[in-house]
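Laboratory data are not the source of any read-out in this text; all were calculated from the coordinates shown. Fair warning: this is a prediction, and the values are worked out from it, not measured in the lab. Don't worry about glycine lacking a Cβ; one is built from the backbone with ideal geometry, like all the others, and counts go over all protein chains shown.
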Amino acid sequence: MERLNAIIRDPFFIENLRKTNEREKERIFCRHGLDHLIDAARVLYILVLEDRLEVSRETAYTAAFLHDLGRWVEYDTGRDHAEASAELSERLLDEHGFKGTEKEIILLAIRGHRVKGAVGILTDAMYRADKLSRPCMNCLSISMCKRFSHGETAEIEY
Ligand SMILES: [Fe+2]
Ligand SMILES: [Fe+2]
């Protein structure tokens, strides 16, 4: 997990996370800080094991830690954050030794994390982990959340 930890310590990663945290200070719905990234990474790796995906733990965790890197861009410009996150992540992946197929798998998972069934071996698991990792049963804003607008019940699965 050496390369992932180097990314998490990288000032560029920290700065992007800080921007998102700052813009979400007053947000009543799900936030996209470090807690979310850790939760999403752990659920994603459970799915990797369950689905027997040929992806290493470090690959999966790196995708999860980077999937919302550009969340702040969406607040500032309205641009889709999946696309922005993939673009911002590329530089971190290059600098910390992710290349070839592994880099491609991670970028596809970041780019497709908001779309069910998007291309890439890790992408659909990333989409599912993003949602499954949210502790919705503990949320004060659930009555206003569009995920629960048709009377769905919040349940824990992972
Ligand atoms: Fe996202
Ligand atoms: Fe997310």
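Some points to look at:
- Residues in region 36-67 that are over 19 Å from K103 (Cβ atoms) and assigned to a loop (DSSP other than H, G, I, E, B) were compared, and the one that is nearest to ligand 2 (Cβ to nearest atom) is D51.
- Hits in region 60-99 - residues which are small (G, A, S) and under 19 Å from E26 (Cα atoms): G70, G78
- Hits in region 26-59 - residues which are away from ligand 1 (no atom under 16 Å from the Cβ) and either of a type in the set (K, R) or under 10 Å from the mean Cα position of the chain (by Cα) (or both): R42, R52, R57
- E74, sole failed condition from (1) closer than 17 Å to N16 by Cα; (2) of a type in the set (D, E); (3) more than 16 Å from ligand 2 (Cβ to nearest atom): (3)
- Residue count, region 42-66 (criterion: free of Cβ contacts under 8 Å to residues at least 12 places away in the same chain and touching an Asp or Glu at 6+ places or on another chain (Cβ under 6 Å)): 0
Let's see how each residue does on (1) within 24 Å of E15 (Cβ to Cβ); (2) of a type in the set (S, T, Y):
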| position | (1), (2) |
| --- | --- |
| G70 | yes, no |
| T77 | yes, yes |
| D80 | yes, no |
| D94 | yes, no |
| I121 | no, no |
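- Within the set L69, L34, the sole residue that is under 22 Å from N5 (Cβ atoms) and free of Cβ contacts under 8 Å to residues at least 40 places away in the same chain turns out to be L34.
- Any chance R9 is among the charged types (D, E, K, R), loosely packed, with under 14 Cβ neighbours inside 10 Å and either free of Cβ contacts under 8 Å to residues at least 60 places away in the same chain or within 21 Å of K99 (Cβ to Cβ) (or both): yes
- Test result for L17, in contact with a helix residue (DSSP H, G or I) (Cβ under 6 Å, 6 or more places away or on another chain), in a helix (DSSP H, G or I) and on the phi < 0 side of the Ramachandran plot: no
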